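This report refers to the structure that appears directly beneath it.
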Amino acid sequence: MSQHHALDALIQALRRLPGVGAKSAQRMAFHLLQHDRSGAQLLAQALTQACDEVRHCERCYTFTQDPVCPTCLDESRNHSQLCVVETPADQLAMERTGAYRGLYFVLMGKISPLDGVGPNDLGLQRLLERATDGVVKEVILATNFTAEGEVTAHVIAQALKARGMTPTRLARGVPIGSELEYVDLGTIAHALVDRR
């Protein structure tokens, strides 16, 4: 049995973060305990408060402290547009563009059979009810352009089409400011197919 149970527990807890291996977790733990005890206390308090107070919005399922998030309650937004994203981080990225003023539906994941995640695990039924509520006129599928994101978009599109609604898909293309010779071939091919 280790002599440093509390330290080992901290290191193991830090390893749960994405991209943090054993050595990084150890460095973080030693730094917090040796150089920044007040920072460690702040981190502990912030995590406890977030776990206690942050919930899912009742309408779009993003993170919020209120039953319904400020975006869903914003009357100045276009309530006839619904953008479907995988995560709150993806929603934030869309918001940062300043180009979209509609509402969102956050799936909190993607279809991934290898991880045991199917359509029902993503709240597909809730999405279909929201999309066909009579207010929404356009559903924009903004899932990621990964294999799982494409499958997720396809499954949602088929389910919406079966209910008489044809969704749009976020376009793929060549990044602004890039030179074609340095862009991967798949991106160029998709940009050509999706040209407008």
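The values are calculated or read from the model by the stated rules, or taken from the named source; none is laboratory data. For clarity, every value in this text was computed on a predicted model and none was experimentally measured. Neighbour counts run over all protein chains shown; Cβ positions are idealised from the backbone, glycine included. These accessible areas exclude ligands, DNA and RNA; they are computed on the full protein's heavy atoms, side chains included. Shrake-Rupley method; radii C 1.70, N 1.55, O 1.52, S 1.80 Å.
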How many percent of all Cα-Cα pairs in region 1-80 sit more than 22 Å apart? 47
Alpha-carbon Rg with Dmax, taken over region 89-182, Å: 14.6, 46
Cα-based Debye curve of the chain sampled at q = 0.10, 0.14 Å⁻¹ gives log₁₀ I(q)/I(0) of -0.60, -0.97
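Within the accessible area of region 115-194, what % is carbon and sulfur when the probe is 1.4 Å and the other protein chains stay in place?
Carbon with sulfur: 57 percent of the solvent-accessible area.
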In what sequence, largest accessible area first, do 139, 20, 54 appear using a 1.4 Å probe? 54, 20, 139
Note on the chain, DSSP bridge orientation, antiparallel percent to nearest 5 equals 20
Any aspartates and glutamates with Cα under 19 Å of the residue 110 Cα? List them, leaving off those in the same chain fewer than 8 positions away. 86, 90, 121, 129, 148, 150
Residue 76 accessible area, 1.4 Å probe, all protein chains in place, Å² to nearest 10: 80
Quick one: what Rg and Dmax do you get for region 72-131 from the alpha carbons, in Å? 12.8, 41
Contact order relative to length of region 43-150, as percent, for alpha carbon pairs under 8 angstrom and 6 or more apart: 26
Put a dot 7 Å past each Cα toward the Cβ at residue 79 and residue 95; how far apart are the dots in nm? 2.0
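With a probe of 1.4 Å, find how much accessible area the chain has per residue, and write the answer as a whole number in Å².
Ligands and nucleic acids excluded, the figure is 66 Å² per residue.
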Please work out the C-alpha center-to-center distance from region 45-69 to region 16-38 and express it in whole Å. 26
So for region 16-56, using the alpha carbon gyration tensor with a ≥ b ≥ c as root eigenvalues (a/c under 1.5 gives rounded; past that, a/b versus b/c decides prolate or oblate), I'd call it oblate
Separation in nanometres of the label points that stand 7 Å from Cα toward Cβ, at residue 192 and residue 161: 2.5
